[in-house]
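Working notes, beginning with the structure itself.
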Amino acid sequence: MRYFLLIFIVISSLTSINAKAETETTCVRNASGEIIVTAQSNVVTDTDGNLGDACQEIPDIYRLQFYKVGLCTADPFTSAQTDFSSCSFFMNSATATTLDITMPASSSLPITSLPAIGTYGYMVLLISNALQLQHSEVFSASVTGKEGTAGKFCATNSAVTSYSETKTSGVLGNPVTPDLNDLTTLGMTCGSSAPTPAFTTEYMDNFGESGFSANTSASINLTGGAMKGRLMQVDNTTTATSADNSERLAVVFTFTTPQTVTSESQYDLNFKIQDSVAISLSYSGSTIFSTKSGANPFQIYMGISN
């Protein structure tokens, strides 16, 4: 079996739920390595002095499920429906291959073939839009998590959420919006000793600012090219028309300079995971709550050497 080397660069960043303000770097910790928390509207402070209620941290494990990885001679997003006809694949399957990413290790993704010799202007990925992660954290004061369990130690549980908070059903579980009036909905479990972490899931289910959009509003300029995304349905072919039927995330990377593939080519696929995990916090009275650990998409770049 061939293996395709993927080098994952994990960078901590932020997403938040019901944030009063958004911090921009990792949160301030004390000498014991605990995130300093205070029961007030701005629960945490980041290392740049910004106040907020969510921490940017590196997840212990970031999990992606791959369906397609390939190179294309034409842009698959040219029309309203994704067109893979110009693509030559490393992987092309109706069944997902799961890959767990840890910092700072490299990971190998099994592949079934190599692209045909030629010149390609685009790379395409198709993955599940259910982004999963596992994470443990320790705080300077007691934090309350799922079902009212409390303590300085918290870890992700099997909660399922969605980025837009509008998706109600999904292949990997039905999303629930964290609610302080129902502590069974909270996405972290806390206690006086470290809980065993489980994978939490967040669906990237909408790219629209107001209303649903399956497409990113613009490409993101990166080293060597630009990246854009599209939400798709469970058939791996049809563009999503709502948050509820979004089950896949297609990503197209347009190379600044088209890449030539030969029989001697070597491939490195680099993932820079921005907004990789945000530990979202809230408070009520003197009680601090850990509502969820959110996952956000990544940036990619493929290097081809001959």
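Starting from residues that are acidic (Asp, Glu) and out of contact with any helix residue (DSSP H, G or I) (no Cβ under 6 Å at 6 or more places or on another chain), keep the ones in the stretch 165-189 and report whichever is modelled with the highest pLDDT. Full working, then the answer.
Taking the stretch 165-189 first, the residues acidic (Asp, Glu) are 165, 179, 182.
Next, from what is left, pick out any that are out of contact with any helix residue (DSSP H, G or I) (no Cβ under 6 Å at 6 or more places or on another chain): 165, 182.
Values: 165: 91, 182: 95.
Residue satisfying both the conditions and the ranking: 182.
Only one of 194, 198 is of a type outside the set (Asp, Glu), under 17 Å from the mean Cα position of the chain (by Cα) and either under 25 Å from residue 101 (Cβ atoms) or assigned to a strand (DSSP E or B) (or both). Can you tell me which?
Result of the check over 194, 198: 198.
Evaluate the stretch 214-221: report whether one residue or more is at pLDDT below 90, in a loop (DSSP other than H, G, I, E, B) and surrounded by 15 or more Cβ atoms within 10 Å (Cβ to Cβ). Explain how you work it out, then say what you get.
Going residue by residue through the stretch 214-221, those that are at pLDDT below 90 are 217-221.
With in a loop (DSSP other than H, G, I, E, B) added as a condition, the list becomes 217-219.
In the following step, the residues that additionally are surrounded by 15 or more Cβ atoms within 10 Å (Cβ to Cβ) were identified as 219.
Scanning the stretch 214-221 turns up at least one residue that is at pLDDT below 90, in a loop (DSSP other than H, G, I, E, B) and surrounded by 15 or more Cβ atoms within 10 Å (Cβ to Cβ).
Counting only residues that are under 23 Å from residue 35 (Cα atoms) and without any contact (Cβ under 8 Å) to a residue 60 or more places away in the chain, which one in the stretch 151-173 is surrounded by the fewest Cβ atoms within 10 Å (Cβ to Cβ)? Give the steps one after another, and end with the answer.
Initial filter on the stretch 151-173 (under 23 Å from residue 35 (Cα atoms)): 151-159.
From the residues that got through so far, the ones that are without any contact (Cβ under 8 Å) to a residue 60 or more places away in the chain too are 151, 153, 155, 157-158.
Details: 151: 19, 153: 19, 155: 23, 157: 23, 158: 14.
Checking each candidate, the answer is 158.
Looking only at the stretch 178-199, which residues are among the hydroxyl-bearing types (Ser, Thr, Tyr), buried (at least 16 other Cβ atoms within 10 Å of the Cβ) and in contact (Cβ under 8 Å) with a residue 40 or more places away in the chain?
Residues of the stretch 178-199 among the hydroxyl-bearing types (Ser, Thr, Tyr): 184-185, 189, 192-193, 196.
Adding the requirement that they be buried (at least 16 other Cβ atoms within 10 Å of the Cβ) leaves 185, 189.
If the condition is that a residue be among the hydroxyl-bearing types (Ser, Thr, Tyr), buried (at least 16 other Cβ atoms within 10 Å of the Cβ) and in contact (Cβ under 8 Å) with a residue 40 or more places away in the chain, then 189 is the only one that fits.
Could you run through the stretch 222-244 and say how many residues are surrounded by fewer than 21 Cβ atoms within 10 Å (Cβ to Cβ) and in a loop (DSSP other than H, G, I, E, B)?
Qualifying residue count for the region: 11.
Being among the small types (Gly, Ala, Ser), in contact with a strand residue (DSSP E or B) (Cβ under 7 Å, 6 or more places away or on another chain), closer than 27 Å to residue 94 by Cβ and free of Cβ contacts under 8 Å to residues at least 60 places away in the same chain, is that true of even one residue in the stretch 128-149?
no
Can you run down the residue pairs with Cβ atoms below 6 Å, 6 or more apart or on separate chains, where the first is in the stretch 47-61 and assigned to a strand (DSSP E or B) and the partner is charged (D, E, K, R)?
52/22; 61/100
Suppose the filter is at pLDDT 90 or above, farther than 21 Å from residue 172 by Cβ and in a loop (DSSP other than H, G, I, E, B); does residue 105 pass it? It would help to see each step written out before you state the result.
Details: at pLDDT 90 or above: no; farther than 21 Å from residue 172 by Cβ: yes; in a loop (DSSP other than H, G, I, E, B): yes.
In short, no.
Residue 288 - would you say it is under 19 Å from the mean Cα position of the chain (by Cα), assigned to a strand (DSSP E or B) and over 26 Å from residue 108 (Cα atoms)?
Values: under 19 Å from the mean Cα position of the chain (by Cα): no; assigned to a strand (DSSP E or B): yes; over 26 Å from residue 108 (Cα atoms): yes.
For residue 288, the condition - under 19 Å from the mean Cα position of the chain (by Cα), assigned to a strand (DSSP E or B) and over 26 Å from residue 108 (Cα atoms) - is not met.
The values are calculated or read from the model by the stated rules, or taken from the named source; none is laboratory data. For clarity, every value in this text was computed on a predicted model and none was experimentally measured. For neighbour counting, all protein chains shown are included, and Cβ atoms are generated from backbone atoms with ideal geometry for every residue, glycine included.
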